[in-house]
Structures are given as structure tokens and as C-alpha cells.
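One structure is given below, encoded as C-alpha cells.
The values are calculated or read from the model by the stated rules, or taken from the named source; none is laboratory data. Here the structure is a predicted model, which means the values were calculated and not measured. Cβ atoms come from the backbone with ideal geometry, glycine included; neighbour counts cover every protein chain shown. These accessible areas exclude ligands, DNA and RNA; they are computed on the full protein's heavy atoms, side chains included. Shrake-Rupley method; radii C 1.70, N 1.55, O 1.52, S 1.80 Å.
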Amino acid sequence: MIRTLIVEDDPMVMQINERFLKKVKGFDHVGSANDLETAKQKINTLKPELVLLDIFFSVGRGVDIIRWLREENLDVDVIFITADRNPKTIERAFRFGAVDYLVKPFKFERFEEALTKYRRQRRLLEGSDTMEQAAIDSMSVGCKLARNMEMEFPNEIDEVNQTHMDILNLLRSNASAGFTAQEVADALGISRITARRYLDEMECENKLELYLEYGKVGRPRNKYRINKDREEVGVE
């Protein structure tokens, strides 16, 4: 569970963020703060790993918090959730290491995508001693398979959709055990890189779960299985 602090001065927006956070698997809401000084105190005492942070406050600005985090050398990540669309603010946010930047108003799907991508990146970083280029690329590009596929194969969308369904059906055939990207590639006769791209996209969409399988020797393996919570409610 990723310890998460919400920093927002609008009570209604804070309630929305808290409600959205509870709906995303893998996150523990450890507290909320409605001003920057309280936020600093709670960061020091509650030790969150992630802060969901607004920009506008009656005293100070949210970028002051992320700058303070870097000055204090605190290992805390930040996702901004704000109405501030100023390019200079956005530039500063990412320059100080923001993970993502959500502009209000936003839909739950965008909120869920930001957190799911963040959770997946943490798993990849924590689950390996070294990382291959493909894994690094999947972190940097995020959940963009559909757009990439349309750009690469503008006349072959049916084939893309069929491969997507083939992978889902394969994982459903052995839902408890799960599959590695290589096992999916071997079963369907596609490249490992292609299989990995589809699997990562479906994991970003919460259709699949990514987990580590530990053997007696060697490094753990990344495996994918059907997200049973979504299957049970009939989400495709």
C-alpha cells in the first residue's frame, strides 16, 4: 500500500479526492491537510510516499511544498491536482520532479490513470536490481499504447483489437497463475516487446494486475493476471 497524503484547501474538492483515492487499489489515505504548514507537519509525522497537491492556497503555493521536499531531500513523490494552467507553473512543477499534473475539473478515469501509472512505476523500480531498456521505456511513455498503435498501424486497427482480445482470453484461461510477457508472446506467436506493450497498457487500464513471482533462485519475474475485481462487475 502506498501511503498517500492529500493537500487541498477546498473542502469539497478534498472530499472528492479522498473518495477517488479510496476507489484506486494499492493506496492508503494516511491524512489530509488544507494549508501548506500543516502539510509539512503531516509529511514529517505521517511519512507519506505520495502527496496529491493543489497549487493555490491562501498562503503560499503548492510548488513551494515540492521545492521544500527536494531541499529537505525527502523521498516523497507529488502529483499535482489543480486549476492552474499556467505554463510557467507546470514547467516548475515538472522541473522539481512532479510525477503527474491533473487539471481541474477532471474525470475519475484520469485520476485513476495517474495513480495506476505511478503504482506500476514503483513496482518496476522496486522489483528489479537492474532494468532493461524496454522496461524503462514503458515507464516513460506510460499508458499510450492505443494512440501509438493507431499511429503505427492506421489501417490495421482491427488487428490491434484482435490481439488485445487474444491476450485477454489467454489470461482468462488461467486466471490464477498469470503469464509473463514472454509466455504470452510464445502462446500467441508475437514478439515479447509487442506482448509487453499490450500487457502494460491493459495493466494501466486496470484490466490486468501486475505482480512479482519469486522463485527459489534468480530474480523475481513480472507476471500479469486478470483483475478479478473488474471481471466480476463485467468491465471489459
Original post:
What percentage of the solvent-accessible surface of segment 15-86, computed with a 1.4 Å probe over protein heavy atoms, is contributed by carbon and sulfur atoms?
Top reply: 44
Original post:
Bin by bin, in steps of 5 Å, what percent of the Cα pairs in segment 56-108 do you find, going until the bin that has the longest distance?
Top reply: 5, 19, 31, 25, 14, 5, 1
Subject >> Accessible area per residue in Å² at 1.4 Å probe, computed on segment 1-61 >> reply: 51
Subject >> Cβ charges +1 (Lys, Arg) and -1 (Asp, Glu), total dipole of segment 159-213, debye >> reply: 60
